[in-house]
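The values are calculated or read from the model by the stated rules, or taken from the named source; none is laboratory data. What you are looking at is a predicted structure, and each value in this text was computed from that prediction instead of being measured. Here the Cβ positions follow ideal geometry from the backbone for every residue, glycine too, while neighbour counts run over all protein chains shown.
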Amino acid sequence: MADIKTFTADIGGKTLSIQTGKYAGLANAACTVQYGDTVVLATVVRSGKVREGIDYFPLMVDYEERLYAAGKIKGSRFIKREGRPTDEAILTGRVIDRSVRPLFDSRMRNDVQVSVLVLSVDQENDPDMPALIGAATVLSMSEIPWNGPIAGVRVGQINGEWVLNPSYEARLKSDLDLVLAASKEKAVMIEAGAKQVDEATVAGAVEFGLKHNRKIIELIEQVVAAVGKPKIVIATEGADADMKKKLHAKVEAFFTAEKEQSLFVDPTKQAQSTAIKNLTAELDVMLKADNEVSKDERAIGVGMLDEFISEAAMALVLETGKRVDGRGVDELRSLSAEVALLPRTHGTGVFQRGETQVMSIVTLGSPGDEQTLDGMEENGKKRYMHHYNFPSYSVGEVKPNRGPGRREIGHGALAEKALMPVLPDKESFPYTIRVVSEVLSSNGSTSQASACGSSLALMDAGVPISAPVAGIAMGLIVDPKDASKYKVITDIQGLEDHAGGMDFKVAGTTKGITAIQVDIKVDGLTMDMVKEALTGAQKARLQILDVMAKAIAEPRKELSPYAPRITSIRINPELIRDVIGKGGETINKIIDECGGADVTKIDIDDDGLIFITSTNSEMAKKAEEWIKNITREVVVGEIFEGTVTQIMKDRNSGGEIGAIVEFAPGKDGMVHISEFASARIRAVSDIVQVGQKLKVKVMEVDKERGRISLSVKALGAESDLVIPESAFDTGGQGGFNGTGGRDHRGPRGFNGPRGGGDGGHFRRRE
C-alpha cells in the first residue's frame, strides 16, 4: 500500500497542497501540487550513467498542457490529440527551466528530466506557479544533487496594493504582473510585465514576493523532511579528480598573462572569437605533444580553457573596472537607429548596439487577421503579435533552419510584453498588428534590441503608440572567492553574458518599466543587486531613447500608402443578418463588387461594429455606402430606383400576384399587381421583367414580419414605367390580384433568416 502524505499551507488566502506517494511511483520523485482547483503532477528522473563526450549539463524541462484539464476537446475536425506545445506552454517551461537550472552543478553529465503535467485548471489560478513549486519539490525530495529548495509566487499591484497570486481577472486590473522564483533570501528568476511602473515599485514587488515565498519553501522543507531521499554524489565529468587536477595545472601554465591579454586586444566579437580559436588550437597541439596526456584527456583539457577565459574576463572587471572591450562598467556600446528602410513594408526600424543589429518590420492587417487562441487556458483573439527570428548567420555559424525554437518564442514574447502597454486600444486603432524582428548580427542582448527596433518600426508605420520603448541587458560579475564582491555591468555582450552571473533584461519608456526578464548563473540575487541593476537599466534606457528620438521622435501622422485603411460603422445588432444575407450572399456580393477579398475585407462584431479594411479608398467608400443603405431605416414615402428580381406567383393558382424589387443592397419589397396602375392588369410579366430597373415608392414597412410594400402607381407622374394598352384587363374578372382575391404573402423580405456561410472571405467576429 502506497504511503500517501499531504502537506498544506495557506498562501494568499488559498490552500496550497502538496501530495506525495500516490502517483508515478517509478519516477525518482513525484508529487501533485494543488492550488484552488488547479492541479499539476511533477516528476523528475535521472539517468544512472554519465553521458560522455559532452560539455554541458543535459537537463530537460517539459511542461505539458492537456485540454482535458479545462474540460475541452481540441477544436480541429481531424486532429483531436494535443500536438505541438502552445507558446504559453513553452514560455512556462522556460520559466521553470530558468529557475531550477542555476542550482545544479553545471559540470554534472547525468541526464535529468523534470516533467510537469497539468491535470486540472480552474480558470482562476494559473498553473504556472504550482508547476514551478512542483518541480522544486521533486528536485528537493529526490536523491539528485540540487542546491534548493526554491519556490515561486506571482505578484500584482491593484490600486497601489500588493496582491499575491492574483486571479486571471485581477491581473487585468493590475499595474504589474511579476513572477518571482527565489530561495528564502535571493531571487533566482524574475519575469514581469508592467504598465510603465517605476523601479521602486518593481523592487517592492520583489521584496513582497520574497516574504511570501519563504512560507512555501518551509512547506517544501516539510515534504523533504518527511519523504526526502539522501542526496547522492554524481560523477561530474567521467574523469577522476587526480587526472583533472593534473590537466588543470597544465592549462594554467599554458594560459600566461601574455596569452590572456592577446584575447582582449581587439574588442570585436569576430576578432575575439578568432583569438580564442587560435589559442584553443595552440593548447591542443601542446597537449597532443605531452606524452602524459591521452587523447580523451586532451579533449577535457581543451575544454578547461573556457573556464580560464571566463575567469580572466571577470577578473578584469573586478580588478580594474574595465571590460574586455575597454568600456567602463556603466558604459553603453555605440548606438544607432534608422527607420523607413524598406520601400513596400508598412513600417521598418533598425536598431544597432555595438555589433548587435536587429531589423523589425511592421505589418498592419484587418481585425479579422487576429490570431485565434484555443488552448487550455487561452480563448479569444490576439490582435498584436511579435515574432523573433535568430538565424545562424547572425553569429557567423552554419546551422540548418528548423523554425523557431524555445529561445525564439521566448524572446519574441518578451518584446511583445514590453510593447503591449504602449499600443493604442482597438476602438481608436482597430488594426491587427504583426511585428517581426530579424536578428542580423548578434553579440549580446538581441531581445532588447528587438524591442528598440520594434518601437522604431511601429512609429514609422504610423501606429499611435503612447511612448517609444527601449530595452537593455544588465550583467553581473561576482568574485568566485567572495560573493560580497561584485559589479553590476551595463549592456552586456556575448562573452560577458557567457562568463557573467546574470542576464537582467529591462524594457520601458521614459515614464517606467514595461517588461523584465532575469536569468542567472549564480545561486541568487540579493535585493541590493536587484536595485542596482534596475537603477543602471533606467540610466541606460534613457540614453537609448534619446538616440531613437533622433531617428523618429513620434509616430507618423499618416499610415504607409501600402497599408490598408479601416473604416468602422456601428449598426443595430439586429440588422447584422441583413448585411450578411442568406448564406453570406449579401456580404460576399459587397466584397466582390468592391475589389474582391484581396482588396476589401469586412469584419462584423456581434455588438454591431463593422470594420471595412481596404487597400483602395474608393472601394472602401463604396462598401461603406452599401452597408449604410442596407442598414438604414426605410421610411414610408421614400422613393427608390430598384431592380426587379422575381415575379411572384400565387402558391395555389399559379397566377402572378406581384414583383419583388431590390431597391437597396440586401433590401427588397413587393409591388403588388394592384400597385402598378390604377386600372387592373392581366399579368405582371406583361409590364416588367426580371432585371428591369424600376422606380418605386415605399407604402408600408412591417418591421415585425419583415415586409415592405412598394408601389409604382403612387408615383403618379414621377413614374417612368410605360404600360401598354394590351396589358390591361378589360374582362372584369375578380379582384385586382387575378387569383380570386387571395392576399399576397410574399417572401420573408429583407429581414429574412441570417445566412449560415461566410463565402470564404467574410468573417463574423464572435
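Taking the condition of being out of contact with any Asp or Glu (no Cβ under 9 Å at 6 or more places or on another chain) and either of a type in the set (K, R) or assigned to a helix (DSSP H, G or I) (or both), how many residues in the range 418-446 meet it?
Looking only at that region, the number is 7.
Looking at the range 188-199, can you tell me whether even one residue there is without any contact (Cβ under 8 Å) to a residue 40 or more places away in the chain and either closer than 21 Å to Q517 by Cβ or surrounded by fewer than 17 Cβ atoms within 10 Å (Cβ to Cβ) (or both)?
No; the residues of the range 188-199 include none that is without any contact (Cβ under 8 Å) to a residue 40 or more places away in the chain and either closer than 21 Å to Q517 by Cβ or surrounded by fewer than 17 Cβ atoms within 10 Å (Cβ to Cβ) (or both).
For the range 275-297, how many residues meet the condition of being within 11 Å of K250 (Cα to Cα) and either in contact with a Lys or Arg (Cβ under 6 Å, 6 or more places away or on another chain) or surrounded by fewer than 15 Cβ atoms within 10 Å (Cβ to Cβ) (or both)?
3
Please pick out the residue among G354, G396 that is out of contact with any strand residue (DSSP E or B) (no Cβ under 8 Å at 6 or more places or on another chain) and either under 23 Å from D62 (Cβ atoms) or surrounded by 20 or more Cβ atoms within 10 Å (Cβ to Cβ) (or both).
Answer to the check: G354.
Has the range 95-107 got any residue that is closer than 24 Å to V518 by Cα, among the small types (G, A, S), touching a strand residue (DSSP E or B) at 6+ places or on another chain (Cβ under 9 Å) and not assigned by TED's automatic domain parsing to the domain that holds G301?
So far as the range 95-107 goes, yes, one or more of its residues are closer than 24 Å to V518 by Cα, among the small types (G, A, S), touching a strand residue (DSSP E or B) at 6+ places or on another chain (Cβ under 9 Å) and not assigned by TED's automatic domain parsing to the domain that holds G301.
So is V522 in a loop (DSSP other than H, G, I, E, B) and either of a type outside the set (D, E) or modelled with pLDDT under 95 (or both) or not?
In short, yes.
Among the residues in the range 568-580, are any small (G, A, S) and over 26 Å from the mean Cα position of the chain (by Cα)?
no
Run down G444, G462, G453 and say which single residue is closer than 28 Å to P367 by Cα, surrounded by 23 or more Cβ atoms within 10 Å (Cβ to Cβ) and in the same structural domain as L545 (by TED's automatic domain parsing).
G453
Does the range 486-508 hold any residues that are of a type outside the set (A, V, I, L, M, F, W, C), under 19 Å from G354 (Cα atoms), touching a residue at least 60 places away in the same chain (Cβ under 8 Å) and in a strand (DSSP E or B), and which are they?
Within the range 486-508, T490, K505 meet the criteria.
Being under 30 Å from T432 (Cβ atoms), modelled with pLDDT under 95 and of a type in the set (D, E, K, R) narrows it down to one of K322, K295, K381, K399, so name that one.
So the residue among K322, K295, K381, K399 that is under 30 Å from T432 (Cβ atoms), modelled with pLDDT under 95 and of a type in the set (D, E, K, R) is K381.
Select from the range 701-711 the residues that are within 16 Å of A664 (Cα to Cα) and either of a type outside the set (S, T, N, Q) or without any contact (Cβ under 8 Å) to a residue 24 or more places away in the chain (or both) and list them in ascending order.
Within the range 701-711, V701, G706, R707, I708, L710 qualify.
For the range 406-427, state whether one or more residues are at pLDDT 95 or above, more than 29 Å from R98 (Cβ to Cβ) and not charged (D, E, K, R).
The answer is yes, given that some residue of the range 406-427 is at pLDDT 95 or above, more than 29 Å from R98 (Cβ to Cβ) and not charged (D, E, K, R).
I'd like to know if the range 656-671 contains one or more residues that are crowded, with 20+ Cβ neighbours inside 10 Å, aromatic (F, W, Y), outside any strand (DSSP E or B) and touching a residue at least 12 places away in the same chain (Cβ under 8 Å).
No, there is no match, as no residue in the range 656-671 is crowded, with 20+ Cβ neighbours inside 10 Å, aromatic (F, W, Y), outside any strand (DSSP E or B) and touching a residue at least 12 places away in the same chain (Cβ under 8 Å).
Return the residue satisfying two criteria in turn: it lies in the range 9-27 and is closer than 13 Å to A226 by Cα and either out of contact with any Phe, Trp or Tyr (no Cβ under 8 Å at 6 or more places or on another chain) or polar (S, T, N, Q) (or both), and of such residues it is surrounded by the fewest Cβ atoms within 10 Å (Cβ to Cβ).
In this case the residue turns out to be G21.
Filtering the range 372-391 down to residues that are surrounded by 14 or more Cβ atoms within 10 Å (Cβ to Cβ), without any contact (Cβ under 8 Å) to a residue 60 or more places away in the chain and under 11 Å from the mean Cα position of the chain (by Cα), which residue is farthest from T567 (Cα to Cα)?
H387
Going by the structure shown, is V233 of a type in the set (V, I, T), surrounded by fewer than 13 Cβ atoms within 10 Å (Cβ to Cβ) and assigned to a helix (DSSP H, G or I)?
It is false that V233 is of a type in the set (V, I, T), surrounded by fewer than 13 Cβ atoms within 10 Å (Cβ to Cβ) and assigned to a helix (DSSP H, G or I).
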